[in-house]
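All remarks here apply to the structure that follows.
The values are calculated or read from the model by the stated rules, or taken from the named source; none is laboratory data. Quick caveat, the model's predicted, so the values are computed rather than measured. So basically every Cβ, Gly included, is an ideal-geometry build from the backbone, and we count neighbours across all protein chains shown. When the accessible area is computed, the model is the full protein with side chains, heavy atoms only, and any ligands, DNA or RNA have been set aside. Shrake-Rupley method; radii C 1.70, N 1.55, O 1.52, S 1.80 Å.
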Amino acid sequence: MKKKLAPSILSADFRKLGEEVSSAANAGAQYIHIDVMDGMFVPSISFGMPVIRSIRPVTDAVFDVHLMVQDPERYVEEFARLGADLITVHAEATKHLDRTLQQIHSLGKKTGVALNPATPLSVLDHVLYQTDMVLLMTVNPGFGGQKYIEPMTEKIRTLRERLLREGREIDIEVDGGINEQTARIVLEAGANVLVMGSAVFDGKDVAGNVRKYLKMMEE
Ligand code: DX5
Ligand code: ZN
């Protein structure tokens, strides 16, 4: 599977968000990971529609919108309209996951299904046919800068083995605590899309960080 880097703007400097996004994209990041939090599904509130609208013109990179929102089906149409390319919903947050995925596809967008660390892979059993990407949370969602939960490595490996066995070309994105060290671990286990928040947006050299991690991913 093709490897992709998805810098998460949650850790960006919001005083100059447009510049941060274009630095990451121009340095080669294929995705821009956009964390929307509603203060219900997760404890914190991040940002929403106006922010996405204002950064959409900055780049053609894939907008990878991670909805940490209760009942996300209420909003997928609007996020699609604002320029999301890939819309990820949490299996835990929607009663009708299959319908929500159908809705995203009907808007011409790619689907992602996110699972919290405690959620078993079996919730994917009957929706893989509608899933373009599985997002495995490697921290409990809600905040950047947390520590990678080590038992998630086995979860990644189990999922990749299953997908290979079934001949399914589905991306596995990992999100939370990914840095130089854990990136190697998750890649080896079978993840191919790496979210990096604090590792890329460190307040110093965003473009340099992106180039460094892209190079590492190809090693
Ligand atoms: C956490 C978010 C992440 C976050 C990752 O709930 O979904 O995307 O930005 O941040 P780091 O890479 O710093 O763990
Ligand atoms: Zn995220």
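Structure summary
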read-out	value
Condition met for PRO43 (free of Cβ contacts under 8 Å to residues at least 12 places away in the same chain, over 11 Å from the mean Cα position of the chain (by Cα) and surrounded by fewer than 24 Cβ atoms within 10 Å (Cβ to Cβ))	no
Single unsatisfied condition, ILE9 versus (1) under 13 Å from the mean Cα position of the chain (by Cα); (2) without any contact (Cβ under 8 Å) to a residue 60 or more places away in the chain	(2)
Subset of the stretch 98-110 (residues that are part of a helix (DSSP H, G or I) and either without any contact (Cβ under 8 Å) to a residue 24 or more places away in the chain or among the small types (Gly, Ala, Ser) (or both))	SER106
Qualifying residue in the stretch 115-136 (condition: within 14 Å of ligand 1 (Cβ to nearest atom) and farther than 26 Å from LEU163 by Cβ)	no
Of all residues making up the stretch 111-130, the number that are surrounded by fewer than 18 Cβ atoms within 10 Å (Cβ to Cβ) and either more than 16 Å from ligand 2 (Cβ to nearest atom) or in a helix (DSSP H, G or I) (or both)	11
Subset tally (residues that are assigned to a loop (DSSP other than H, G, I, E, B) and open to solvent by less than 20 Å² (accessible area, probe 1.4 Å)) for the stretch 60-90	4
Test: MET196 is under 27 Å from LEU82 (Cα atoms) and in contact with a Pro (Cβ under 6 Å, 6 or more places away or on another chain)	yes
Qualifying positions in the stretch 1-50 - part of a strand (DSSP E or B) and among the acidic types (Asp, Glu)	ASP35, ASP38
Residue check, LYS147 crowded, with 16+ Cβ neighbours inside 10 Å, modelled with pLDDT of 95 or more and of a type in the set (Lys, Arg)	no
Matching option when the condition is more than 15 Å from ligand 2 (Cβ to nearest atom), part of a loop (DSSP other than H, G, I, E, B) and open to solvent by 10 Å² or more (accessible area, probe 1.4 Å), among LYS155, LYS95	LYS95
